[in-house]
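Q: What follows is a structure written as structure tokens; I'll ask about it next.
The values are calculated or read from the model by the stated rules, or taken from the named source; none is laboratory data. Note that the structure is a prediction, hence the values are computed from the model and not measured. Neighbour counts run over all protein chains shown; Cβ positions are idealised from the backbone, glycine included. The area values use the complete protein model at the heavy-atom level, side chains included, leaving out ligands, DNA and RNA. Shrake-Rupley method; radii C 1.70, N 1.55, O 1.52, S 1.80 Å.
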Amino acid sequence: MSLFFDDVYFSKEGGWEESRYVFLEGNRINIALLNETSKPITIGELGFGTGLNFFMTLYHWMETKSPPSLQYNTLEGFPLPRETLHSLNLSFPDKDLWTEFLLESYTIQLQKWKEGSQNQSWDIQFSHPNGKEKFDLRLYFGDVADCLDLFPMVDYWYLDGFSPSKNPKMWSEETLSKIRSHSRLGTRLATFTAAGFIRRNLEGLGFTIQKQKGFGKKREMITGILL
Ligand SMILES: C[S@@+](CC[C@H](N)C(=O)[O-])C[C@H]1O[C@@H](n2cnc3c(N)ncnc32)[C@H](O)[C@@H]1O
């Protein structure tokens, strides 16, 4: 729970499954990963938070037999401290998430950012068990208004920046138009929200938007594709 934004990082009930349903399946990445011949995949996430979406994607990628290489670009303006990240492990005890190595590496880079270092990102690479493909995580520390400019062109967006009513900046026209300028034909997006003005603004930028059934008891969510 974020006291500042008065909203949750992820749902206590089925957080892992919800992340998978909304972002991985909502974007059809599970299908794209089965296409062994496809070129590397680039994901862009708004709001790294606890890293749950990242770990869910990494797990799925690791479990796929021969997936394309994947670049996971994400950003975070209010990075969580080591102790809070570590507590994600307690929420999902059957999974190997924040190892000591990852926590240490994140903490060092976060400290450098806090001290005003030029290097704004935490970069780490994972190898697939088959020894061939790579999964590259790049986490930019800083505000969405600055970090999105540093993103490469993205194939799949995870729009996970708290609800639009609680955090309008993550859904502002400026943010959405930067999402558009870092998208190409065929780029998909998925988000848990179905707010009417978000749908309309994304449509105004050229995305074809679909309302879908939300996870569990949630009524709706939206997905989109740039055509
Ligand atoms: C719903 S949480 C993300 C949950 C996350 N994807 C996870 O898997 O745990 C939204 C995140 O957006 C971040 N955030 C909110 N406003 C921001 C801004 N203006 N710039 C950068 N990050 C922001 C928050 O700090 C929070 O971590």
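Q: May I ask you to verify whether F207 is of a type in the set (F, W, Y) and open to solvent by 50 Å² or more (accessible area, probe 1.4 Å)?
A: no
Q: Same structure again: Out of the range 33-52, which residues are away from the ligand (no atom under 16 Å from the Cβ) and either open to solvent by less than 20 Å² (accessible area, probe 1.4 Å) or under 12 Å from the mean Cα position of the chain (by Cα) (or both)?
A: Hits for the range 33-52 are L33, I41, T42.
Q: State which residue is nearest to the ligand (Cβ to nearest atom) when the search covers only the range 8-31 and only residues that are among the small types (G, A, S) and open to solvent by less than 20 Å² (accessible area, probe 1.4 Å).
A: Looking at residues that are among the small types (G, A, S) and open to solvent by less than 20 Å² (accessible area, probe 1.4 Å), I get S19.
Q: When the residues of the range 53-97 are filtered to those that are open to solvent by less than 10 Å² (accessible area, probe 1.4 Å) and in a loop (DSSP other than H, G, I, E, B), which remaining residue is farthest from the ligand (Cβ to nearest atom)?
A: Per the criteria, the residue is P68.
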